[in-house]
1. Under the condition of being over 20 Å from D311 (Cα atoms) and in a loop (DSSP other than H, G, I, E, B), which residue from region 231-262 is nearest to the chain's Cα centre (by Cα)?
2. How about region 254-267: which of its residues are exposed (fewer than 14 other Cβ atoms within 10 Å of the Cβ) and in contact (Cβ under 8 Å) with a residue 12 or more places away in the chain?
3. For region 21-70, which residues satisfy the criterion of being at positive phi, at pLDDT 95 or above and surrounded by 22 or more Cβ atoms within 10 Å (Cβ to Cβ)?
4. Could you grab me the full set of residues in region 71-118 that are of a type in the set (S, T, Y) and either in contact with a strand residue (DSSP E or B) (Cβ under 6 Å, 6 or more places away or on another chain) or surrounded by fewer than 22 Cβ atoms within 10 Å (Cβ to Cβ) (or both)?
5. What residue, among those in region 212-230 that are of a type in the set (K, R) and in a helix (DSSP H, G or I), is nearest to L13 (Cα to Cα)?
Amino acid sequence: MSVDAATVRTARLHAQHLREPALPDLPTAVGHLLAVQGQELRPTLWGLSRRIAPASRHGEQTGFDALDDGELLRTHVLRPTWHLVRPDDARWLLELTGPRVARTMASTEKQWGLGDPTAAIDAVAEEVAAGARTRAQLGALLVARGVVAADAPGITLTHILMHAELRQVVVSGPTADGRHTYAAFDERVPAGYGPLGSTFDPDDAVRELWRRFLPGRGYATAKDLAQWCGLTLTVLRGGLADLLDAGEVVEVPGTGDLDGLTLLSTPSGHDDAARRPVAPGPRAAAPSSGPVVDLLCGYDELLCSYRETRDVVADARAPAPGRIGAFIHSVAVDGLLAARWRWPARAPHDGELELQWQREPAPAEHDAVRDAATDLAAYRVRAVAG
């Protein structure tokens with residue numbers, strides 16, 4: 001069976017639990033997706049909450065409790081940006097992708113004339129051994145020790161702390177007065193390499209990457225995964241060949257807008273897609289049940305997990321919704337991008353939300369966005385209460 005854009009879009013909405021969400025909590029949601037891009041932390045946690053079963057949402061905190069308790073960690077991995085990961089996945093993912101992230105950072109470091117951070121990292125390690133520290137505290141420490149000049153640009157400390165993360169010296173600690181902290185890596189991350197066992201094998205790690213990526217993403221291509229994890233196609237194809245031979249992954253030809261592409265899926269995911277009704281594409285009127293609206297974080301995994309096939313969520317009726325000012329987040333209507341929104345400074349009242357539509361919305365779509373914004377307001381209230 002070949003798959004077109006509508007089939008792939010539907011499969012992704014279900015695989016990511018944006019449809020029929022059934023996950024029990026935020027750590028499970030992150031584990032299902034393996035890693036979740038998270039530099040916009042509050043919007044990211046909101047997006048993860050949409051993957052949780054509705055019956056579990058009321059008691060679910062906003063995610064900061066999971067970060068404080070160490071059930072979730074936030075670090076630089078896969079690409080030079082923040083990601084949320086489960087503790088069992090932090091060590092092997094950093095071992096696998098950390099060297100690539102470091103190489104990606106090299107051009108910026110050369111441009112700024114940043115040197116070897118080893119001495120500074122050693123000082124950071126000594127400090128966090130006594131307890132978690134904020135960025136400001138670590139910066140002051142490095143200045144006091146003469147490791148960093150008092151007038152050094154902010155990127156110097158960023159460079160040091162990112163390398164400390166990549167070298168598995170520090171990872172996110174509990175918040176302190178609402179501020180992110182860095183804690184000793186080994187105090188927050190269990191020994192060993194999670195699903196790989198007590199030793200790290202790069203070939204096993206690549207196979208595990210495929211095994212964990214595909215179930216949470218629906219259909220994807222090798223180039224999609226390469227963009228997501230930062231590894232080369234050569235490295236990824238070696239592990240993929242093993243899984244294809246073992247029958248753990250299936251190749252599926254694309255058709256329509258995806259003609260000429262080979263998509264990859266788990267056998268069960270492909271079977272489920274064949275049985276599932278396909279979500280509607282662009283249409284002039286909403287169905288009787290009303291449109292389904294998703295308020296997506298700008299870096300939601302529905303958007304950031306794909307490169308070669310990311311246009312399956314594009315709406316032919318709307319221009320590409322590029323970033324405009326602070327409107328960095330996306331509104332999807334029935335799985336298609338239709339507008340931009342920005343995270344409100346305060347909890348929105350009565351479903352109010354600042355939007356930039358990319359096309360003329362139908363009245364039912366306005367109502368559906370209002371309902372979604374009301375859910376966001378309730379979530380923000382719980383965030384304050386928590």
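1. Filtering region 231-262 for residues that are over 20 Å from D311 (Cα atoms) and in a loop (DSSP other than H, G, I, E, B), the one nearest to the chain's Cα centre (by Cα) comes out as L231.
2. Quick first cut of region 254-267, residues exposed (fewer than 14 other Cβ atoms within 10 Å of the Cβ) only: 256, 259-260, 262, 267.
The answer is G256, T262, P267.
3. Taking region 21-70 first, the residues at positive phi are 34, 63, 70.
If we keep only those that are at pLDDT 95 or above too, we end up with 34, 70.
L34, the sole residue that qualifies.
4. Taking region 71-118 first, the residues of a type in the set (S, T, Y) are 75, 81, 97, 104, 107-108, 118.
Answer for region 71-118, where residues must be of a type in the set (S, T, Y) and either in contact with a strand residue (DSSP E or B) (Cβ under 6 Å, 6 or more places away or on another chain) or surrounded by fewer than 22 Cβ atoms within 10 Å (Cβ to Cβ) (or both): T75, T81, T104, S107, T108, T118.
5. Taking region 212-230 and keeping what is of a type in the set (K, R), we get 212, 217, 223.
Now restrict to residues that are in a helix (DSSP H, G or I): 212, 223.
On the way: R212: 17, K223: 20 Å.
If we take residues in region 212-230 being of a type in the set (K, R) and in a helix (DSSP H, G or I), then R212 is nearest to L13 (Cα to Cα).
The values are calculated or read from the model by the stated rules, or taken from the named source; none is laboratory data. Please read all numbers here as calculations on a predicted model, not as lab measurements. As a convention, Cβ positions derive from the backbone with ideal geometry for all residues, glycine included, and neighbour counts pool all protein chains shown.
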